[in-house]
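A short reminder: the numbers here are calculations on the coordinates, not readings from a lab. Bear in mind the structure is a predicted one, so any value in this text is a computation, not a measurement. Glycine also receives a Cβ, built like all others from the backbone with ideal geometry; neighbour counts cover every protein chain displayed.
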Amino acid sequence: MSRPAVLVRERASAVRPSPAAYSGRPWWSLFTVGIAVLVATPVVAVVIDAVRQAASPDLPRGLGAMVLTTLLLMVGVGVGTLVIGGGLAWLVTAYRFPLRDALAWLLVLPLAMPAYILGFVFLSAFDVSGPVQQMLRSVFGTDVWIPDVASLPGAILVMSLTLYPYVYLLTRAALVEQAPGTYDAARTLGASRSRVLWRVLLPLARPSLAAALALVMMETLTDFATVQYFNVRTVSVGVYLVWKGSFDFGSATQLSALVLLFAVAVLAGERLLRGRARYHQRPGRGHGLQPERLSGWRAAGATAVCMAVLGAGFAVPVLQLLFWAVGDAIADPASLWDPRFADYLTNSVVVALVTAAVCVLLSLMMGHGLRLGGGWFVRAAAQLTTFGYAVPGAVVGIGVLLAFVALDRTLEALGVAGGTGLLVTGSVVGILYAYVVRFLAPAYQAVDASFAKVSPTMTMSAMSLGAKPRRILRQVHVPLVRPGVAVALVLVMIDAIKELPIVLLLRPFGFTTVSVWVYELASENFWEKAALPALVIVAVATVPVFFLFRHVRLIDTAHEVG
Amino acid sequence: MTQVPPSPPGSTRPALVLKDVTKRYGGVVAACALRLEAEPGELLTLIGPSGCGKSTTLRLVAGLERPDEGTICIADEVVADRRHWQPPERRRVGLVFQDHALFPHLTVAKNIAFGLDKLPRAERSRRVGEVLDMVRLGHLASRYPHELSGGEQQRVALARALAPKPAAVLLDEPFSNLDDNLRTKVRADTVAVLREAGTTAMLVTHDQTEALTVGDRVVVMRDGEIEQADTPERVFESPATRFVASFMGEADFLPARVRNALLTCEIGVVSTVPGWTTGWDVDVVLRPHEVALAVDPDSAARVVAVEYHGAFVLHTVVLGSGSTLRSWQPHAVRHPIGTPVTVSVVPGITPTLLIGDTAVTAPPL
């Protein structure tokens, strides 16, 4: 689940001017606080429920193993992405080699490959029945020792291959953008290139690396399907399995609270790694780090390494999916017109569209409300709405159920027979609510980044010209933050189309989306059947990567000029 | 909101009143018991070092900040006090910012029409034409802001602020984004337009020359307090405090003592002080144009620096006591460094006297 908005925001927030501090717009402030409450409710519900049961802990068996597995997975993926992403960033920034310019931005592509799709392609190739093992057995005999692919190391490899672009992007930005003057100064003081890397550039890049690692860890923690293919039982999966498997509410809630602890730990870890260092350097004048030309086998090696990562993370799996999809279409042309496909695709798109529209609308109102003032409390409330993204879908799902159960009880206590009735369990309202809780963050961050570019004096001028808040929203703010709105719509739609556990937990009977369909088909090893819907998801997910391409190109031009 | 009783015909009531206005940010006092009035049509300039509270004052008047204490009236109407609070959109105050803050998605004409939405269509376009003529930009009505030069953008911002006929226009360092050559011209144009429109205006600046040339009155601020609010001449020639003397133009200070109604200091008698009794110690403020030099081999004072400024040459002189004085000399006069000189006060000058940091005109009781 890509988060370019977060990447963009990382830089935009540095130059944000202080908003006007006047008061007197209580309704707009209240609205923002209201959204924060709405978004926080499911998470708070989980916490309250877990605390209430804390006296009689009812944690599932094998909890210790689950926690250990989660930790190992997160550390493994963290190290994996650091090595792949950081290494590639240094290679591409510090050296020139054939195809470097194209590879520099193509290396972002694996971000478009959801880990659960790469996961099943990977399994199909390397599993016991896959072509690789068959070949190995035919060469070395059936006794040959082959490590189990569907294991923790397998999951770490697959997730590192899809998540390294976060580290890659932020490291590259840090290497290129961090004050060229600093690099020049270090070089004139007699430091070699590699010494400057270790002693100057990396320490300066620490906040960026911390941010990238936090993103990676968060994605690892929220992953749901990949880990299941690989038989890796993380706490997030545990929540779902306990809930759906044994309908043990109490146990699932307590496990959810534990997952929340992990999320908080990641956020705290980022702060800690960042330390007090806030290096927001202005791109100054200077030569900066200039790429060195590689030749001979070293040049070929560099190109090969980049190609290998790109191939493993994107090109080969896409080709495999295409191969399956075409093969399946030829073998069974009727499957192309499978009415279920159109049905599920419509479900996915409609739910995604509604979610995106709601998220963008709420983000706009919040950004506008903040612009009108309100002080630290309202700003904190707005910040709170972005926490949902750090919470795994399964936990949000359980929180939504808990919240609705509480609402039901209240309504019945007030004399409304049946409470909310089938509103939640019988319709997609629950899914939509959970989606908004989870995806408000990317929408708000994109819209907020756009708001940050609108000078506060613009708002002040409009007010002094007699415009009331609603007119300012309509005639000044909305036209000016349109780019952010577009980005937000796209990001939320894509995240919503890829989302899996929320639908699995909250869907009404008979409701299926493309992502669930892929997951179910792949779980039952119907890889050929899963190929076409998987390709659709990859194609959709490629869209935000194009936004990132622009970002990378901007870095490149800055580099060349610098 | 409270209506102050309507003014009797013929009398001029202040267009803008600040009465004991205080604003704090946390523990920092950004504005402290400000008292200020502006006559209708008057142009005030607010000046002071950064962080002195001049922009805060502007924001308080515009309604972008709410005062903690005090009363603000605009055009006879209380817009802020303990009980009342009018948001900026109801204050009839025009704003012009340093970054112009033109709406980038609207044409020049639509930018100006933004504040006229309550007028009928025909009247609206008539008024847009009127103010565009006033700033002589009628030919650019259908352009977008990014297609204009900095000076043109500044004029559009002014026209936009003036269009709804505000009770006062507030300008926050409106010229500091323009380069030096353009600034003088745009400044003159802006003042001309403000005069033509007859609007009360308050202009924040950090440029001393600008404050002195533009304002009917200059308000010098420091640490959230008004040090002096007076005509440019009085602010320059009779600064109220040591700070005003040194901030508005160059000034040196020499200790002096009253003896027989004469004020005597290291360079001799600087002025007569009738009514003063012998024995008072004061500091005398001397500006470089008030200090005369003459070569004198017997003098203990030495020229230590010479700066060529074109029309004038600035000489820095160290006196026998170690005190420093500066003196403007015509461009042809240039005493080499080390030249012994006698220093005196140019005849006809009545220098400002300070006791402590405050200027005095009569002996303290």
Checklist entry - Any number yet on Rg/Rh for chain B, C-alpha, Kirkwood? => result 1.06
Checklist outcome for this item: Under 5 Å from the placed amide H of B:A30, counting only residues 5+ away or on other chains, we find B:K23, B:R24, B:Y25
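Report the equivalent ellipsoid semi-axes for region A:320-473 in whole Å, largest first, defined as the square roots of five times the eigenvalues of the gyration tensor built from alpha carbon atoms.
38, 27, 15
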Checklist entry - Around B:R136, what is the net charge, scoring Lys/Arg as +1 and Asp/Glu as -1 over all other residues with Cβ under 13 Å from its Cβ? => result -3
Checklist entry - Given the C-alpha centroids of region A:212-241 and region B:56-134, what is the distance between them in whole angstrom? => result 54 Å
Checklist outcome for this item: In the protein assembly as shown, lysine pairs 8 or more places apart or on different chains with C-alpha atoms under 20 Å apart total 9
Item to check | Positive-end residue of A:A441, A:V518, A:T32, charge dipole of chain A with Cβ unit charges | outcome: A:T32
Next on the checklist: Tell me which of A:S236, A:G78, B:P274 sits at the most positive position along the dipole axis of the protein assembly as shown, charges placed on C-beta atoms (Lys, Arg +1; Asp, Glu -1).
Outcome noted: A:S236
Item to check | For B:P120, net neighbour charge (Lys/Arg +1, Asp/Glu -1) across residues whose Cβ lies under 14 Å away | outcome: +3
Checklist entry - Fewest to most neighbouring Cβ within 10 Å: what's the order for A:L123, A:L440? => result A:L123, A:L440
Checklist outcome for this item: For the protein assembly as shown, the dipole about the Cα centre with charges only on Cβ (Lys and Arg +1, Asp and Glu -1), to the nearest 20 debye, works out at 520 debye
Checklist entry - Within chain A, what is the longest stretch that has no trypsin sites (Lys or Arg not before Pro) placed in a DSSP loop and near at most 13 other beta-carbon atoms within 10 Å? => result A:286-562
Checklist outcome for this item: If amide H atoms are modeled at 1.01 Å from N in the peptide plane, then the residues at a separation of 5 or more from B:V304, or on another chain, having amide H under 5 Å from its own are B:T316, B:V317, B:V318, B:G338
Item to check | Cβ-based charge dipole, the protein assembly as shown, positive-most Cα from B:T184, A:Y389, B:V61 | outcome: A:Y389
Item to check | Bins of 10 Å from zero: percent of alpha-carbon pairs in region B:81-206 | outcome: 13, 46, 33, 8, 1
Checklist entry - At q = 0.20 Å⁻¹, what is the log10 ratio I(q)/I(0) for region B:125-269, with the Debye formula run over Cα points and no solvent? => result -1.22
Checklist outcome for this item: Averaged over the residues of B:317-328, the number of partner chain Cβ atoms within 10 Å of each residue's own Cβ comes to 0
Checklist outcome for this item: Sorted by chain and then number, the residues having a modelled amide H within less than 5 Å of the amide H of B:R143, at least 5 places away or on another chain, are B:V108, B:A109
Item to check | Dipole in debye (nearest 20) - chain B, about Cα centre, beta carbon charges: Lys, Arg +1; Asp, Glu -1 | outcome: 1180 debye
Item to check | Phi to ³J(HN,Hα) by Karplus 6.51 cos²θ - 1.76 cosθ + 1.60 over region A:111-127, Hz, x for Gly, Pro | outcome: 4, 7, 9, x, 4, 6, 7, 4, x, 6, 5, 4, 4, 4, 7, 10, 5
Item to check | Student exercise, region B:252-360 dipole from Lys, Arg, Asp, Glu Cβ charges, in Debye to nearest 20 | outcome: 120 debye
Checklist entry - With a 10 Å Cβ neighbour count serving as the proxy for reagent exposure, in which order, fewest first, do B:D76, A:D223, B:D133 appear? => result B:D133, B:D76, A:D223
Item to check | Stokes-Einstein D for the protein assembly as shown, Kirkwood Rh over Cα pairs, 25 °C, 0.890 mPa s (µm²/s) | outcome: 74 µm²/s
Item to check | Between region A:379-417 and region B:225-254, the Cα center-to-center distance that results, in Å | outcome: 64 Å
Item to check | Cα pair count fraction exceeding 15 Å, expressed as % - region B:252-360 | outcome: 62 percent
Checklist entry - Considering the alpha-carbon set of region B:1-155 alone, what are its Rg and its Dmax in angstrom? => result 18.1, 51
Checklist outcome for this item: Averaging 1/r across every pair of distinct alpha carbons in region A:42-121 and inverting yields a Kirkwood hydrodynamic radius, in angstrom, of 16.9 Å
